[in-house]
Amino acid sequence: MQATALILHNLLRWAVLLMGIWTVLNAITGITTKRAYSANDNRSNLLFMIFCDVQLLFGLVLFFTGPWLEKIKAGMGPLMKNTTDRFFIVEHAFMMILALWLVHIGRVAVKKAAPESKHKKMLLFFGIALLLIIVSIPWPNKGEVARPLMRWFN
């Protein structure tokens, strides 16, 4: 189960990134062209939120079926001294949950915003969330915490 969840978590990262980029690009083009908020804008940020939610579920499966809880029980001192453990248990988890929170708050803020400010709210909330996600992914060039771009190929 752990291996399957890890592969799906890895694959879904690309869907989250694509939906986030689509949403941010919609916001930027909406602002620059002064176009009205459309069904396409709504669809992009809804799909971004859905993919983020599903990604969180796979992340939780990995967290609760992996070695992470045992490492937390063993003490936070040793955990914080280990770069990989600290990254996945503290940094990655916190930043991704913060990004998910921004996506959900942003979705509500965009829905409630005046028509002329919907794209600005999209850019603010979803742009920051996307940035947090990009920074928190264990890219192959990230030293000790690096993970492959496609899990099953490496």
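Just so it is clear, none of the values below were taken in a lab; they were calculated from the coordinates. A quick note: this is a predicted structure, and the numbers were derived from the prediction, not measured. Positions of Cβ are backbone-derived with ideal geometry, glycine not excepted, and every protein chain shown enters the neighbour counts.
Each residue of the stretch 68-79 was assigned a 3J(HN,Hα) from its phi angle through the Karplus expression (A = 6.51, B = -1.76, C = 1.60, θ = phi - 60°), giving 5, 5, 5, 5, 5, 4, 6, x, 6, x, x, 4 Hz with x at Gly and Pro.
Normalised by residue number, the volume inside the convex hull of the Cα atoms of the stretch 74-147 is 86 Å³ per residue. Here the Debye sum runs over all C-alpha atoms of the chain as equal scatterers in vacuum, and log10 of I(q)/I(0) at q = 0.20, 0.21 Å⁻¹ comes out as -1.18, -1.26. Working from Cα pairs under 8 Å separated by at least six residues, relative contact order for the chain is 32 percent. Phi angles of the stretch 120-132 translate, via the Karplus equation with coefficients 6.51, -1.76, 1.60 and θ = phi - 60°, into HN-Hα couplings of 5, 5, 4, 4, 5, 6, 6, x, 5, 4, 5, 4, 4 Hz per residue; Gly and Pro are given as x. Only lysine pairs 8 or more places apart or on separate chains count here, and in the chain those with Cα atoms under 22 Å apart total 13.
Taking trypsin sites (Lys or Arg not before Pro) across the stretch 107-154, the ones in a DSSP loop with at most 15 further Cβ atoms lying within 10 angstrom of their Cβ are LYS142.
For GLY66, no residue whose modelled amide H falls within less than 5 Å of its own remains once neighbours fewer than 5 places apart on the same chain are excluded.
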